[in-house]
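Here is the structure we will look at, set down as structure tokens.
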Amino acid sequence: MSERLLYEGKAKRIFATDEEGVLLHRYKDDATAFNAQKRGSWVGKGRTNATMSAALFKFLESRGVATHFIEQVDDETIKTKKLQMLPVEVIVRNVAAGSLAKRLGYEEGTPLKSTIIELCYKSDELGDPMFNWYHFREVGVADEELKRCEEIGLGVNELLYPFFDEKGVLLVDFKIEVGRDEGGELMLADEISPDTCRFWDKESGEKLDKDRFRQDMGGVEQAYEEMLRRVTHMGPMGTME
Ligand code: ADP
Ligand code: UDP
């Protein structure tokens, strides 16, 4: 199968193939944080993130969520539908952490009264600012599209929160992206991995995600491996049925 590089991002390379409307996402071993001001890399990151994303997309599909996922083709590569992406990052939060803890003046770890959704405009130049619906109209994203983004985010949270809970993990928050397929349907895209979620061990509170890299905590490789192990090997819900 021939491959043509379409886009090189911070964490993945996206290729077109001979198949019309199909993309390959090859996950890199690179990590970035703070709008790419901090950079790093470790062997195995591409594999853990590709494999975890594949497992979670499969799980969500099996529970009725439409996603771009087609199949995992090798350790670091997944095949997806090609979508027209919305320039939106949908952040879903169950517990205060990161920028939300700062915004609300809460201590990290404070549970939220109800799930909070934040919508950010995907723009490296602007640093992915939080936008309201009026700002989004200005950049050509319609209210209906944002409503659907919120529904998809909440639906994914309702499935993933108990999924991770069963594996002894608190799903603190996560980011998803949404795109439109050729038939016009908006669906879940991009990735779901320790790069895009905050995972805390329920017992010890230990961080098992990219915050270990952001905060130079060490043990980042082991944390990603541990999360992959829990997602793919533990509990009746998580195994790849
Ligand atoms: P970034 O662009 O932030 O550096 P990545 O390295 O993860 O991020 O690059 C992946 C790119 O592919 C992102 O721009 C993302 O919006 C886009 N993308 C994800 N899923 C799809 C899809 N199914 N179709 C088209 N583009 C996608
Ligand atoms: N997130 C992401 N990509 C981004 C911004 C945030 O995947 O460009 C994820 C992040 O990993 C966390 C959640 O979204 O799980 C909320 O992030 P927050 O707004 O707290 O940003 P941070 O403080 O991590 O920069």
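The values are calculated or read from the model by the stated rules, or taken from the named source; none is laboratory data. These figures come from a predicted structure and were not determined experimentally. Heads up: the accessible areas ignore ligands, DNA and RNA and are worked out on the full protein's heavy atoms, side chains in. Shrake-Rupley method; radii C 1.70, N 1.55, O 1.52, S 1.80 Å.
Some observations on this one:
- Relative contact order of region 86-213, pairs being alpha-carbon contacts under 8 Å that are 6 or more residues apart, as %: 24
- Measuring against 31 Å, Cα to Cα, the residue pairs 102/202; 79/113; 28/122; 82/113; 81/102; 82/202 contain 79/113; 82/113; 81/102; 82/202 as the ones spanning a longer distance.
- Surface accessible to a 1.4 Å probe, residue 106 within the full protein complex, Å²: 80
- Accessible surface comparison of 229, 212, probe 1.4 Å, protein chains only, largest first: the order is 229, 212.
- Couplings 3J(HN,Hα) of region 107-117, computed from phi: 6, 4, x, 5, x, 8, 5, 8, 4, 10, 10 Hz, in residue order, whole Hz [Karplus 6.51 cos²θ - 1.76 cosθ + 1.60, θ = phi - 60°; x for Gly and Pro].
- Put simply, the amide H of residue 122, placed in the peptide plane, has neighbours under 5 Å in 88, 89, leaving out anything fewer than 5 places away on its chain.
- Residue 169 long-range amide H proximity, modeled H, under 5 Å: 202
- Mean separation of Cα pairs under 8 Å and 6 or more residues apart, divided by the residue count, gives the chain a relative contact order of 18 percent.
- Computed from backbone phi with θ = phi - 60° and the Karplus coefficients 6.51, -1.76 and 1.60, the 3J(HN,Hα) list for region 66-78 is 6, 10, 7, 5, 10, 6, 8, 9, 7, 3, 10, 10, 10 Hz; x is used for glycine and proline.
- On full extension, the segment bounded by residue 222 and residue 71 gains 51.8 nm, given 0.36 nm per residue less the C-alpha separation.
- Near residue 115, no amide H atom lies under 5 Å from its own; only residues 5 or more places off or on other chains count, and H is placed 1.01 Å from N.
- Protein-only accessible surface order, largest first, of 148, 47, 39 at 1.4 Å: 39, 148, 47
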